[in-house]
1. Can you order the peptides 87-100, 151-164, 173-186, 54-67 by their average number of other Cβ atoms within 10 Å per residue, highest first?
2. Provide the per-residue ³J(HN,Hα) series for the stretch 33-40, in order, calculated from phi with Karplus coefficients 6.51, -1.76, 1.60 and θ = phi - 60°, each as a whole number of Hz, with x at glycine and proline positions.
3. Can you find, among 33, 120, 101, the residue farthest towards the positive end of the dipole of the stretch 17-121? Put +1 on the C-beta of Lys and Arg, -1 on that of Asp and Glu.
4. Net charge near residue 73: determine it from the other residues with C-beta under 10 Å of the C-beta of residue 73, scoring Lys and Arg +1 and Asp and Glu -1.
5. Calculate the length of the line joining the C-alpha centroid of the stretch 1-60 to that of the stretch 104-127, in whole Å.
6. When you count, for each residue, the other Cβ atoms within 10 Å and take the mean per peptide, how do 8-20, 41-53 rank with the highest first?
7. With +1 on each Lys and Arg Cβ and -1 on each Asp and Glu Cβ, how big is the dipole of the stretch 140-199 about its Cα centre, in debye rounded to the nearest 20?
8. When the helix-only estimate is applied to the chain (DSSP H runs of n ≥ 4, each -39,500 (n - 2.57), divided by the residue count), what is the mean residue ellipticity at 222 nm, nearest 500 deg cm²/dmol?
Amino acid sequence: MTRELYVCVDVEPDGHVPGASSLVSLGACAAVVRDDEGAIERLDLDVAADSFYAVLRPITDRYLEKALRATGFDRAALERDGRPPEEALPEFAAWLDARAAEHDAQPVLAAYPLGFVWQFTQYYLHEFAGRSPFGQSAHYDMKSAYAALAGSAVRDAIKRRMPSALLGPKDSKTHHALEDAKGHVDLLVGLLRWQERAR
């Protein structure tokens with residue numbers, strides 16, 4: 001079995017799809033190492049080097065006011081103070097490379113919900129860093145994993161129907177990308193351990 005580093009990622013965009021809207025912020029934390037025998041090691045989220053966060057300059061004039069409002073950011077401030085994506089995304093890719101090398105593991109993007117996070121992350125990595133350390137398919141969808149393990153429909157795999165013990169005390173939706181990424185770690189660990197018991 002390949003040794004894997006699960007990285008919880010969250011994004012806060014100002015619309016529904018990349019290119020037609022912009023990524024306002026990106027947060028990620030190195031969360032779990034799964035060794036070549038399937039054993040799971042939860043990483044310390046308080047280690048600053050194991051987290052990445054960037055607030056980004058918009059890439060298009062188009063945006064949805066409601067989506068932008070949910071991020072808590074002001075458009076003019078983003079245009080003035082946001083980091084250029086062509087600077088921040090190579091740094092994110094290098095951060096992923098460094099964490100993967102440190103743990104001698106292949107990086108896997110873990111998210112809830114995956115589809116939304118994956119499309120923005122991959123678009124921005126390929127567009128502004130020229131590559132993705134996640135490749136084309138190294139991702140873990142916590143929503144689908146829960147549905148499969150619990151025997152529920154995917155549309156029913158929503159947090160308010162999940163056991164609170166699985167979500168953990170840090171689960172939240174603050175619309176701060178890094179805090180929300182960290183808030184998903186308990187769910188990720190719980191799902192991976194559930195899978196391990198089910199083998």
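Just so it is clear, none of the values below were taken in a lab; they were calculated from the coordinates. On a predicted model such as this, the values are computed, not experimentally measured, just so you know. No Cβ is skipped: glycine too gets one built from the backbone with ideal geometry, and neighbour counts run over all protein chains shown.
1. Working: 87-100: 18.0, 151-164: 11.7, 173-186: 19.9, 54-67: 15.8.
Per-residue mean Cβ counts within 10 Å order the peptides as 173-186, 87-100, 54-67, 151-164.
2. My calculation for the stretch 33-40 gives 10, 10, 7, 5, 10, x, 5, 10 Hz in order.
3. So the residue furthest toward the plus end is 120.
4. Working: positive: 69, 75; negative: 12, 14, 74, 81.
Result for the local shell: -2.
5. First find each Cα centre; the distance between them is then 7 Å.
6. Working: 8-20: 20.8, 41-53: 13.4.
Result, highest mean first: 8-20, 41-53.
7. On the way: 11 positive and 7 negative charges, 32 e Å.
The calculated dipole for the stretch 140-199 is roughly 160 debye.
8. Details: 8 runs with 77 residues, N = 199.
Using -39500 (n - 2.57) per qualifying helix, the result is -11000 deg cm²/dmol.
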